[in-house]
Amino acid sequence: MGTETKEFKAESKRLLEMMINSIYTHKEIFLRELISNASDAMDKLYFKSMSENTGITRSDMEIRLEANKDDRKLIITDNGIGMTKEELENNLGTIAKSGSLAFKNENEKTEDVNIIGQFGVGFYSAFMVAKKVTVISKAYGSDEAYMWESEGVDGYSISEAQKDSHGTQIILEIKDNAEEENYDEFLEPYKIKQLIRKYSDYIRYPIKMDVEHEKLKEGSKDEYEKEIVTETLNSMTPIWKKSKTELKDEDYNQFYKDKFYDFEDPLAHIHTKTEGTATYSALLYIPAKAPYDYYSKNFEKGLQLYSSGVMIMEKCADLLPDYFSFVRGLVDSEDLSLNISREMLQHDRQLKLIAKSLEKSIKNELKKLQKNDREKYEKFFDSFGTQLKYGIYESFGANKENLQDLLLFRSSFVPEGDGEKKNGYVTLEEYVSRMKDDQKYIYFASGSSIARIEALPQTEMVRDKGYEILYFTDHVDEFTVQMMHDFNGKEFKSVSADDLGLETEAEKEEIKKAEEDNKDLFDFMTEKLSGKVKAVKLSQRLKTHPVCITSEGMLSVEMEKVLSAMPDEQAHNAKAEKILEINASHPIFEKLKTLYAEDKDKVAEYADILYSQALLIEGMPIENPVEFTNKLCEIMSK
Ligand code: ADP
């Protein structure tokens, strides 16, 4: 036949152009693509041999790699089904039908890079690293072999060739090093080994390469000689395909540390194999510590995604809800095509089913950990609890049912006879199980530390009643329970809320009367503190302490504090409606009454000082510390 020269079809040309000029930095994926094609070709032969009794078995099949630095050739040979002349032309002359690449918009450069990165683009990716690609193939059962050759967009040629056995050989003439591109390394055995382990470790056929080793010369102690050893570069059976009974915790942990570059053992692992609506195996891990960028914008969640042992995506975000973004691991499914595009993946029904079922497994594992190994669970919560709370807050409570049982809070509870365990973590269920018969609410108090919270005057009354108080030290805590509203019907109540639900009717009446009797005084103080507090009132909750600040409405003082610390300027405008509460049974109240009759200016000054004191108790900054201390000293010097 001689040599036939042909042009590529238009869309193939575009893809090729993209490959040749690729700015994509992970050019290394070409090897994964070619190996996976080889593996497919062997699968095809294997299936054929099963139905036709050819006598060929899996163990006869292998992929061979050869790198030659001198002529810059990297050769990949398989003994799979091979291609006929027509197949060479149809399969390599046009872009793969299964490739499902969305090339509609010429300008989508960045999208292109994404597609290459996440999925590769099959055979043509060879042109990212090779200036010339030669394919010699002999179809199984045929006597003829053919050679396909191309140096890029100009076209390709097909000619007859010599080849002893069936299968395909791909010869890449590796590009010369460029300024910013090191192509040489694709000819280095160490690099090739590394790439196979990274992307193709679980290909079910051996990938072999002759590697040169130095070995001690026989009979000598210090003389070495070169020796060629055929090495199998891939391990072939992925750990997640093995049965659980074969594996020990150490195996799982070692795999985790190697794969995800963590020094510490994970807290737990989940190994599942599911068949049915979604067929997949998954191996998931709960790390012991959050990565340093976990709570930053840079952190990318996601699981590795494999299609029948071949990695197709490094981080598939769609597999994990944000609140479980700390989970690391991988999913392997036969239902996903190797060349599925990112966009298609997002709408893939199968993937959604897998994600749903993974979410359930993760939640169950965490519940199990909480129940069976509380210490470990608390460690987990120290690292990732905030994320769970965000999960509830950010969904406006929609994820509450899913997450509320996983929450832990510090509390005032002291286990009987064990003061050591003071202020430990409690679950909401534990809190509710300890609630007193007459207790209506789940009480909480917020502050920057447990010590500060314990000293808050506002907690006095609740504590006196013998009610447990949750201690909120995490910024998001109050926002979270506000979104939750209640836990199993029990509402959350801040110790600083305007109605604590503790006073008897008689007590309320008494306070109300005292307030009415001194209406002028309170009005005067409110006016003097206008813009700072919404009102000055007598307190229902203080027993020994003179003053405190509480708030009305949705926004608490603690929340204001959090918002004002946020980078978002707008958040700084959110202010709590503050109430300055004064203890009616404290001597200061009598003093205020007397002063109001004698010297109103003094009352204004006192109001200012009391307000500043209340702010300090809350851990809030006071507007003018110098003025405050001066006034205080003035009074002290009298
Ligand atoms: P895809 O693998 O997604 O179909 P490719 O561009 O990688 O796309 O390959 C195109 C086609 O070429 C494959 O579908 C297959 O039919 C054929 N092919 C590629 N490599 C080989 C090989 N080593 N042996 C046999 N056929 C191959």
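A few remarks follow.
- Among beta bridges from DSSP that stay inside the range 505-636, the antiparallel ones total about 60%.
- Assigned charges on the beta-carbon of Lys, Arg, Asp, Glu; the range 252-316 dipole about Cα centre (debye): 120
- Under a model in which nothing but the beta-carbon of Lys, Arg (+1) and Asp, Glu (-1) is charged, the range 239-376 shows a dipole of about 440 debye around its Cα centre.
- The residue list TYR292, PRO266, SER357 was ranked by how far each Cα lies along the charge dipole of the range 239-376 toward its positive end, using unit charges on Cβ atoms, and SER357 comes out on top.
- Gyration tensor (alpha-carbon) shape descriptor, the range 375-447, a/c threshold 1.5: oblate
- In summary, the lysines within cross-link reach of LYS532, defined as a Cα separation below 18 angstrom excluding same-chain residues under 8 places away, comprise LYS561, LYS575, LYS578.
- For the chain, diffusion coefficient by Stokes-Einstein and Kirkwood Rh (Cα), 10 °C, 1.306 mPa s, µm²/s: 52
- Unsatisfied cross-links (Cα-Cα over 28 Å) in the set LYS493/LYS543; LYS465/LYS638; LYS191/LYS356: LYS465/LYS638; LYS191/LYS356
- Within the accessible surface of the chain, defined with a 1.4 Å probe on protein heavy atoms only, the carbon and sulfur portion equals 47 percent.
- Normalised per residue, the accessible area of the range 505-636 is 54 Å², obtained with a 1.4 Å probe and no contribution from ligands, DNA or RNA.
- Dividing the helix sum by the residues of the chain, where each DSSP H run of 4 or more adds -39500 (n - 2.57), gives a mean residue ellipticity at 222 nm of -11000 deg cm²/dmol.
- With eigenvalues of the C-alpha gyration tensor scaled by 5 and rooted, the range 505-636, Å: 26, 19, 13
- By accessible area with a 1.4 Å probe, ligands and nucleic acids excluded, highest first: order of GLU454, GLU394: GLU394, GLU454
- Its residue count N sets the reference 2.2 N^0.38 Å, and the alpha-carbon radius of gyration of the range 239-376 equals 1.02 times that reference.
- With DNA, RNA and ligands ignored, accessible area of LYS368 (1.4 Å probe; Å², nearest 10): 110
- Here the chain is treated with +1 on each Lys and Arg Cβ and -1 on each Asp and Glu Cβ, and its dipole about the Cα centre works out to around 980 debye.
- Among the helices of the chain, those built from whole DSSP H runs whose Cα atoms reach 20 Å or more along their own axis and whose mean Kyte-Doolittle hydropathy is at least -0.5 are 29-52, 600-618.
The values are calculated or read from the model by the stated rules, or taken from the named source; none is laboratory data. Treat the numbers as computed from the prediction; the structure is a model and nothing was measured. Positions of Cβ are generated from backbone atoms using ideal geometry, with glycine treated the same way; all protein chains shown enter the neighbour counts. All accessible areas refer to the heavy atoms of the entire protein, side chains included, with ligands and DNA or RNA removed. Shrake-Rupley method; radii C 1.70, N 1.55, O 1.52, S 1.80 Å.
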